[in-house]
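In what follows, a single structure is set out as structure tokens and then discussed.
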Amino acid sequence: MAYDPKEILTTSVSDKELNRRWKAARERMEEEKIDVLVMQNSNQWLGGYVQWFVDIPARNAYPMTVIFPLNDEMTTITCGGRPPGDLGPPAWTMRGVKNRLTAPYFPSVHYSATYDAELVVKTIKERKDKTVGIVNTAQMSAKFYEYLVKHLSGVKIVDATDMIDELKAIKSEEEIELIKRTCALQDEAMAYAKTIIKPGRKDLEIVADVIHKVTLLGSEEQLVIGGSAPYGIPAVPQKRHYQNRVVREGDQFTLMIEVNGPGGMYAELGRCFFIGDVPAELYDANELCKEAQHLTVSMLKPGVDPKEIWEANNRFLVSKGHLPETRLYAHGQGYDLVERPCIRDDETMKLKKNMNITVHPTIGTKTLWVSLWDNWIITETGPSERLHKTPQEIFPI
């Protein structure tokens, strides 16, 4: 029987796209006089650095490390056997990778916590690198980073996070097309949700059906949260541990579909449903939510400081009798569900053309909770058309 190994792969980016990323990173490394980058991720939801460089995501809390040299191909380190055992992901899937190293390390097995770091140190010492750029220590275990610092004596270690964040945040045409595919997938899943949200079903059953649907449509990682509550009690979308409630007549159900699409790019779509006729109070809250979203979206222009948008949003909320925002209500997305720039007062990255921004303001009181989630691409003159096509309304069931 004929066997084509390429059949096992889901959507991949092109060689041209990977080469674009590598070239951009190396140009910045030359400017900053960095010999090699070291990065580590352990999941796909907030693990975009590894995938941006090798087009293979880290998954399931298993740390994956990428060593990216200025003048050579990459080295990857994944959980597996010791040589001559398993060499990790198949070589033909690892474009731009010369060495695939493995070790039997697990975050839950504390004494193995430096096995991967030992391989990093060995690689860098053999290469005789003088300056190492670390990409986002927040994604690394304390043991991993401490080992690098202790055992790379004589090597200069610098923070290269901002440098890579700026490159990742600006999307290529190919990446934007993948983002649009994700939005279309989420639109289809939201339309499907209208047919399965019914009295007598548990929140978890509805969410499970949506997860199944988006998986069949090509999503690679599924974060779907939803929750119901009777009218008069805020219906906040809930994580799996809190999805045991049964939907009843007169309930609101809030659904948020934060899944990636084919190729791993994220967007997010969220809407509210009501079992019965939508009460006027909820309708009005949704209209106010649309106003708040429109205000933020109108300010998505190259060169704008996110702090300006944050402050404008809070002025609007306070003027309407609501508390100012304190959470992250708008932010970039790509291979990370939450990616810079964050639309808030502590972000240092200015907005630029071709950033993918999700905006999800909330109108909440002691008796109701309404929100809208949608995505836009920043163009030269401002925001694109809304990428999602799902109407911005509370859907009666």
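The values are calculated or read from the model by the stated rules, or taken from the named source; none is laboratory data. What you see is a predicted model; the values in this text were computed from it and never measured. Every residue, glycine as well, gets a Cβ built from its backbone with ideal geometry; the counts of neighbours run over all protein chains shown.
Considering each residue of segment 237-252, count those that are in contact with a Lys or Arg (Cβ under 9 Å, 6 or more places away or on another chain) and either aliphatic (A, V, I, L, M) or part of a helix (DSSP H, G or I) (or both), and give that number. Residues that pass the stated criteria total 2. Considering VAL236, VAL259, VAL224, VAL247, the condition of being over 30 Å from SER12 (Cβ atoms) and either touching a helix residue (DSSP H, G or I) at 6+ places or on another chain (Cβ under 8 Å) or polar (S, T, N, Q) (or both) is satisfied by VAL247 alone. For MET265, state whether it is of a type in the set (A, V, I, L, M), assigned by TED's automatic domain parsing to the domain that holds THR215, closer than 19 Å to TRP376 by Cβ and in contact with a Pro (Cβ under 8 Å, 6 or more places away or on another chain). The answer is no for MET265. Find the residue count for segment 174-206, including only residues that are assigned to a helix (DSSP H, G or I), of a type outside the set (D, E, K, R) and over 22 Å from the mean Cα position of the chain (by Cα). Adding up the residues that qualify gives 7.
When residues of segment 114-147 are filtered for being in contact with a Leu (Cβ under 9 Å, 6 or more places away or on another chain), part of a helix (DSSP H, G or I) and farther than 15 Å from LEU101 by Cα, how many remain? Looking only at that region, the number is 2. Scan segment 349-396 for residues that are at pLDDT 95 or above and basic (Lys, Arg) and jot them down. Answer for segment 349-396, where residues must be at pLDDT 95 or above and basic (Lys, Arg): LYS350, LYS352, LYS353, ARG386, LYS389. No other residue among ILE34, ILE56 is in contact with a strand residue (DSSP E or B) (Cβ under 7 Å, 6 or more places away or on another chain) and surrounded by 11 or more Cβ atoms within 10 Å (Cβ to Cβ) apart from ILE34. Only one of the numbered conditions (1) of a type in the set (Phe, Trp, Tyr); (2) within 28 Å of GLU339 (Cβ to Cβ); (3) surrounded by 19 or more Cβ atoms within 10 Å (Cβ to Cβ) is not met by TYR145, and that is (3). Residues of segment 246-255 include at least one that is surrounded by fewer than 17 Cβ atoms within 10 Å (Cβ to Cβ), on the phi > 0 side of the Ramachandran plot and at pLDDT 95 or above. Against the numbered list (1) farther than 30 Å from THR348 by Cα; (2) assigned to a helix (DSSP H, G or I); (3) under 20 Å from the mean Cα position of the chain (by Cα), LYS168 comes up short only at (1). Is it fair to say ALA229 is in contact with a Phe, Trp or Tyr (Cβ under 9 Å, 6 or more places away or on another chain), in a loop (DSSP other than H, G, I, E, B) and either modelled with pLDDT of 95 or more or buried (at least 20 other Cβ atoms within 10 Å of the Cβ) (or both)? Taking the combined requirement at face value, the residue does not satisfy it.
With respect to the stated conditions, TYR49 fails to be touching a Cys at 6+ places or on another chain (Cβ under 8 Å) and not assigned by TED's automatic domain parsing to the domain that holds GLY264.
Counting only residues that are over 28 Å from SER12 (Cβ atoms), surrounded by fewer than 16 Cβ atoms within 10 Å (Cβ to Cβ) and among the aliphatic types (A, V, I, L, M), segment 155-190 holds 2 of them. Taking TRP310 as meeting all but one of (1) over 30 Å from PRO199 (Cα atoms); (2) touching a Cys at 6+ places or on another chain (Cβ under 8 Å); (3) among the aromatic types (Phe, Trp, Tyr), write down the number of the exception. Tallying (1) over 30 Å from PRO199 (Cα atoms); (2) touching a Cys at 6+ places or on another chain (Cβ under 8 Å); (3) among the aromatic types (Phe, Trp, Tyr), TRP310 fails exactly one: (2). Here is a check on your reading of the model: is VAL135 outside the structural domain of ARG271 (by TED's automatic domain parsing), among the β-branched types (Val, Ile, Thr) and closer than 30 Å to THR379 by Cα? Judged against the criteria, VAL135 is a match.
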